[in-house]
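Everything below concerns the one structure shown next.
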Amino acid sequence: MHVCLSCFYIDGFAYQENELVRQHVLDGHDVTVIASTETFGQDRCLTYLEPGTYIGKDGAQVMRLPYRGLLPHKVMRKLRLHPGVHELLERIKPGVILFHGLCGWELHAVTRYKRENPAVRLYVDSHEDQYNSARTFLSRWLLHRLYYAWIVRRCRNYFDKILCVSLETIVFVRQTYGVPAEQLEFYPLGGRVFDDAEYQVRRTRGRNDAGIESNQVMLLQSGKMGVRKHLLESLRAFVEIPDVNLRFVIAGSMDEDVREAAMELVAKDPRIRFVGWKTVEELNDLLCGADVYVQPGTQSATMQMSLCARCPVILADVPSHRPFVDGNGWMVRDDVGLGAAFAELAKNKQELQSMSTRSLDIARKLLDYRTLARRVLA
């Protein structure tokens, strides 16, 4: 059972929850997802579904639960209280539970079930870090250090492990919730590692779709991009490199705070192409087609997907990226470093193939969802 009451569960996307659910289904397990009603609409903005049960696009039974009506909806979204969770656990009787997100009241329900059924394995993952959580005074002190930390202290003795998606998450969980180091385990976001034949098919298809010729080097930046993703910085650094065989592809969507400036740069340089939002499969094709993946801003799960697609990388120099850069790319701290990375790759294109092989090695060791999915069942 995957419990997604502290995070979104969005059918058909490529987030960790989707990939682990999909892999557990492929491995032949009977999989149930308990989720809130929060999801993304067709415009990729937050929306809500009706409570109910259905077979999701990842192949598992999905049970959508409403928030309890004790307080206004805006408050209940933060407190994360849902009706009937323990009763569902008793009825379905899962042998392994992965509770996604360390911040939620219903940890009480799953730890009660674990207490009543000691043989059950209960894992809780955490995505929280200083960049995406507790960023305001009220959130940091009222929600995280008081409310969520109190829940974690009451429940954590029943967790088999707390699985942290990054090194910075490990630091955050220790400092904010007071969890000892021995209860924490590095469990990174991953991706699908393709065999050589599928990789070549996807690479050809991705490059054809993006209009990339065989002699051209394709750089790719993707995602839902606002100011913190540093798309504008990437484009400004790129246009300073005159190499006619470089191409910069942007996939995803742009927030209003960057759209106008970004599209001006796209219009001025024919080497830059904006291809819009892509499905999971289309994005994997583009990643296989890319020669370098660029992520100089805040973290994104697409970075791990890019390594699984054998991309050399240009990444922001933050602790959570360091396990993934070792002879396969560049880590940059500022605009100067970003420009230097672009200049170096343009001058040493022949090194990209060996970097690609190194990215594949790292992906096989750390990021393959087939391996990650089995870790919670071993």
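The values are calculated or read from the model by the stated rules, or taken from the named source; none is laboratory data. Here the structure is a predicted model, which is why all the values come from computation and not from measurement. Neighbour counts are summed over all protein chains in view; Cβ atoms, including those assigned to glycine, are modelled from backbone coordinates with ideal geometry. Keep in mind that these areas ignore ligands, DNA and RNA; they rest on the heavy atoms of the full protein, side chains included. Shrake-Rupley method; radii C 1.70, N 1.55, O 1.52, S 1.80 Å.
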Given H placed 1.01 Å from N in the peptide plane, which residues other than close sequence neighbours of Ile272 have an amide H under 5 Å from its amide H? Phe248
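Under Stokes-Einstein, with the Kirkwood radius over Cα pairs standing in for Rh, what whole-number D in µm²/s applies to region 206-245 at 25 °C and 0.890 mPa s?
Numbers: Rh = 11.9 Å.
Roughly 207 µm²/s, to the nearest whole number.
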Taking a 1.4 Å probe, which of Ser6, Ser354 shows the most accessible area, and what order do the others take after it? Ser354, Ser6
Counting other Cβ atoms within 10 Å of each Cβ, which trypsin sites (Lys or Arg not before Pro) in region 96-183 have at most 15 and sit in a DSSP loop? Arg135
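Among DSSP beta bridges lying fully in region 1-64, give the percent that are antiparallel, nearest 5. Before the final figure, lay out each step's value.
Numbers: 7 of 14 bridges.
Within region 1-64, antiparallel bridges account for around 50 percent of the total.
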With the contact rule set at Cα under 8 Å and sequence spacing of 6 or more, what percent relative contact order holds for region 67-184? 24
For the chain, what is the Kirkwood hydrodynamic radius in Å, using each pair of distinct C-alpha atoms? 21.8
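Determine, from the Cβ-Cβ distance of Leu71 and Leu138 and an R0 of 22 Å, the FRET efficiency 1/(1 + (r/R0)^6), rounded to the nearest 0.05. Each step should come with its number before you reach the end.
On the way: r = 16 Å, r/R0 = 0.71.
E between Leu71 and Leu138, to the nearest 0.05, is 0.90.
Please get the size of the charge dipole for region 196-313, origin at its Cα centre, with Cβ charges of +1 on Lys and Arg and -1 on Asp and Glu, quoted in debye to the nearest 20.
Details: 15 positive and 17 negative charges, 21 e Å.
The dipole of region 196-313 has a size of about 100 debye.
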Debye, to nearest 20: dipole size of region 250-378, +1 on Lys, Arg Cβ, -1 on Asp, Glu Cβ: 660
How big is region 42-149 by the Kirkwood estimate over distinct Cα pairs, in Å? 15.9
Per residue accessible area in Å² of region 299-343, where ligands, DNA and RNA are left out and the probe is 1.4 Å: 32
If the elastic network links every pair of Cα atoms under 10 Å, which of Ala363, Ala109, Ala14 fluctuates the most in the Gaussian network model of the chain? Ala109
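Grab the DSSP H runs of the chain that are 4 residues or longer, score each as -39,500 (n - 2.57), total them, divide by all residues and round the 222 nm result to the nearest 500 deg cm²/dmol.
Values: 14 runs with 143 residues, N = 378.
For the chain, the value works out to -11000 deg cm²/dmol.
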Taking region 267-371, which trypsin sites (Lys or Arg not before Pro) meet the DSSP loop condition and have no more than 13 other C-beta atoms within 10 Å? Arg333
Values of log10 I(q)/I(0), in the order q = 0.10, 0.12, 0.14, 0.17 Å⁻¹, for region 258-358 under a Debye, Cα-only, solvent-free model: -0.29, -0.42, -0.58, -0.87
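Note the full-extension length gain between Ile92 and Asp160 as 0.36 nm times their separation in residues minus their Cα-Cα distance, in nm to one decimal.
Details: separation 68, 0.36 × 68 = 24.48 nm, distance 2.02 nm.
The Ile92-Asp160 span can extend by a further 22.5 nm.
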Please give me, ordered by residue number, the chymotrypsin sites (Phe, Trp or Tyr not before Pro) of region 1-61 that lie in loop per DSSP and have at most 16 other Cβ atoms within 10 Å. Phe8
Which residues make up the longest stretch of the chain clear of GluC sites (Glu not before Pro) that lie in a DSSP loop with no more than 15 other Cβ atoms within 10 Å, not counting the sites? 1-212
Cross-link partners of Lys161 among lysines (Cα-Cα below 21 Å; sequence separation of 8 or more within a chain): Lys93, Lys114, Lys365
Separation of region 119-155 and region 1-70 by C-alpha centroid, Å? 21
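Only Lys, Arg, Asp and Glu count, each charged at its Cβ (+1, +1, -1, -1), so figure out the dipole size of region 1-127 about its Cα centre, rounded to 20 debye.
Values: 15 positive and 14 negative charges, 91 e Å.
Result for region 1-127 is approximately 440 debye, rounded to the nearest 20.
Averaging sequence separations of C-alpha pairs under 8 Å and six or more residues apart, then dividing by the length of the chain, give the relative contact order as a whole percent.
On the way: 692 pairs, mean separation 51.8, N = 378.
RCO, the chain: 14 percent.
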Can you find, among Trp105, Leu49, Leu265, the residue farthest towards the positive end of the dipole of the chain? Put +1 on the C-beta of Lys and Arg, -1 on that of Asp and Glu. Trp105
Using Cα springs under 10 Å in a Gaussian network model of the chain, which residue among His230, His144, His73 shows the largest mean-square fluctuation? His73
Which percent of the accessible area of the chain is formed by carbon and sulfur heavy atoms (probe 1.4 angstrom)? 52
Taking +1 at the Cβ of each Lys and Arg and -1 at the Cβ of each Asp and Glu, which of Phe342, Gln353, Val332 sits farthest along the dipole of region 328-378 towards its positive end, judged by Cα position relative to the Cα centre? Gln353
Equivalent-ellipsoid semi-axes of region 320-360, from the Cα gyration tensor, Å, largest first: 18, 16, 4
